[in-house]
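I have placed the structure first, in the form of structure tokens, so that the comments after it can refer back to it.
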Amino acid sequence: MPSPQVLSRLIELLDQGKLSDAREMASRLHREASGQQQLTAEVLHEVRQPLLGIKAYAQFLSEGADPAQVSQQILRQAERIEAIVGDYTRLASNRPAHREPLVLSEPVRRAVEFLRSQPAHAALQLDAELASELEIIGNARLIEQLTLNLIANAAEAMGGEGRILVRVSRDEGVPVLDVGDWGPGIPADQAQAIFEPYVTGNTRASGLGLAVCQRIAADHGAELTLAPPTVMGGAHPPSTVFRLRFPDESTVHQRRRLLVVDDESILRQIFVDLMGRECEVVTAETAEEALEHLAGEGFDLIVTDKNLPGMNGLELAREARKRDAHSRVILMTGYPSLVTAQEAMELGVLDYLLKPFDDIREVRELLRKQLAAPRPDPVSARSLKRVDVLESDPDAAFLIEEALRLLGMETRVVREVETPIEPAPAAVVVSWEFEPAQGSRAVALARQTARGAPFIVLAEHLSLDCTLESLKGGATACLPKLTRDARVLSRELARAMVRTRD
């Protein structure tokens with residue numbers, strides 16, 4: 001269910017007549033609701049396997065099986081159910097799975113041995129070729145769960161009898177897990193959609209097993225694909241092979257580094273708990289302490305409060321960029337202002353977080369996105385040739401053209417949404433009031449048109465919301481369009497473009 005705060009925000013947008021933003025919010029709510037429904041279906045699907053195990057071992061008791069061994073297996077399956085429910089809670093709150101160094105063959109072997117012991121799989125020839133020396137950074141229980149699902153999927157496809165081969169090996173230097181079967185194969189018209197929820201060729205199956213496997217693969221930064229049968233070799237290759245390919249081991253240990261600067265200890269701890277499993281988090285109470293950290297090993301991202309004792313966050317951002325022009329900074333503040341937002345943009349700050357945070361999960365996603373993003377190459381203003389101007393007002397377009405000509409630049413005025421042409425422009429100037437796509441949509445269109453080049457937003461009525469949306473969208477600057485003097489506008493554009501060199 002959506003939170004009351006999210007619903008209130010949707011109603012507020014509707015009351016304000018911001019239909020575009022309201023549609024985006026409603027679409028987000030729909031995606032979240034669909035995601036929760038799928039999560040619920042997945043957890044019910046996953047609970048079936050250990051329940052079948054409990055049922056089978058309970059039946060073994062009536063056949064004279066060793067009670068101690070049976071009770072141990074039943075306890076293990078009950079613990080699996082508990083862990084699966086725990087996974088549902090983790091995924092619902094968007095928390096990453098715990099991972100640690102492990103030998104890949106160990107959880108795979110446990111899955112194979114468990115399924116071999118099941119009466120329902122007595123007619124299967126379940127073979128395993130497991131290289132014992134391959135290590136990954138992963139979650140053993142989730143890898144076991146993924147293996148169980150892949151084997152169960154193959155068994156269902158073959159009607160419970162036939163041969164399945166499970167192999168752990170190395171391919172092109174990285175660990176891989178292959179599960180192949182000699183069943184009927186997957187029809188070509190289903191191959192593209194096989195990992196989507198509820199897609200299955202078995203009328204008795206839920207179609208969720210492979211979707212769960214994809215989720216687990218994503219948790220490990222791995223890639224799960226339907227591979228060519230020939231990858232497993234042999235004179236008679238299997239008809240179907242699923243391959244789980246893990247990340248390059250040489251990059252597994254290269255953790256991103258995040259520097260968090262805030263004089264509130266609880267804020268620093270929140271970021272440690274939020275991102276500590278995904279990257280190395282270093283904290284500092286003051287900007288001066290942060291600079292000491294910056295004097296040593298570099299950081300992939302800096303998150304700093306604006307109002308710090310002594311040197312403030314903006315000054316820290318400026319100093320960080322002096323030391324390293326590629327420094328990436330996100331600014332936090334509980335007291336937003338147009339002046340602060342403009343200065344943050346001038347310093348090349350990536351984003352502007354307002355405290356207190358409405359949704360900590362959104363903060364996590366922002367940090368993940370920025371940590372994963374490659375560092376852009378700086379663009380020199382002296383190399384500019386063509387500037388695309390997205391402006392629907394003829395008078396304003398003429399003014400911008402004159403301002404750019406004074407800087408010795410060519411212009412191409414775009415009055416409608418169009419497919420970007422080649423070559424890409426060296427820069428883009430977009431009007432916040434661009435009629436075909438106004439406001440944040442204009443910013444997104446400018447970013448798409450720029451294709452990595454700098455872009456500048458011009459607004460008839462400059463506001464904090466406009467400036468923040470431009471900053472979050474990646475604009476180099478957000479400038480007022482009040483002046484009708486081409487020379488004044490030319491100077492402002494020149495200042496903004498010079499900043500792209502810094």
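Modelled label positions at Leu406 and Glu133, each set 7 Å beyond Cα in the direction of Cβ, lie 7.0 nm from each other. Only aspartates and glutamates eight or more places from Lys472 in sequence, or on another chain, were considered; those with a Cα closer than 15 Å are Glu343, Glu346, Asp351, Glu362, Glu365. Taking each residue as 0.36 nm, the span from Ser169 to Glu264 lengthens on full extension beyond its C-alpha to C-alpha distance by 29.3 nm. Maximal additional length on extending the Asn307-Glu100 stretch stands at 70.8 nm, based on 0.36 nm per residue less the C-alpha distance. Near Met311, the amide H atoms lying under 5 Å from its own belong to Ala287, Glu288; only residues 5 or more places off or on other chains count, and H is placed 1.01 Å from N. Once the Cβ-Cβ distance of Glu297 and Glu223 is raised to the sixth power relative to R0 = 30 Å, the FRET efficiency obtained is 0.50.
The overall shape of segment 381-501 is rounded: from the C-alpha gyration tensor, with semi-axes ordered a ≥ b ≥ c, the ratio a/c is less than 1.5. Amide H to amide H distances under 5 Å link Met158 with no residue, where only residues 5 or more positions off or on other chains count and H is placed in the peptide plane.
Between the beta carbons of Thr419 and Ala444, assuming R0 = 22 Å, the FRET efficiency works out to 0.90 to the nearest 0.05. Here, segment 254-349 yields an orientationally averaged convex hull projection of 5.9 nm² when only Cα atoms define the hull.
Among the listed pairs Lys369/Lys481; Lys18/Lys355; Lys322/Lys481; Lys306/Lys369; Lys355/Lys481, which have their C-alpha atoms separated by more than 27 angstrom in this model? Write out the running numbers ahead of the final one.
Values: Lys369/Lys481 32 Å; Lys18/Lys355 24 Å; Lys322/Lys481 30 Å; Lys306/Lys369 22 Å; Lys355/Lys481 30 Å.
Distance filter (> 27 Å) returns Lys369/Lys481; Lys322/Lys481; Lys355/Lys481.
With both labels modelled 7 Å from their Cα along Cα-to-Cβ, the Glu285 to Ser337 distance reads 2.7 nm.
Bear in mind these aren't lab numbers, they're just calculated from the coordinates by the rules spelled out. Note that this is a predicted model, so its numbers are computed, not measured. Using ideal geometry, Cβ is built from the backbone for each residue, glycine included, and neighbour counts are taken over all protein chains shown.
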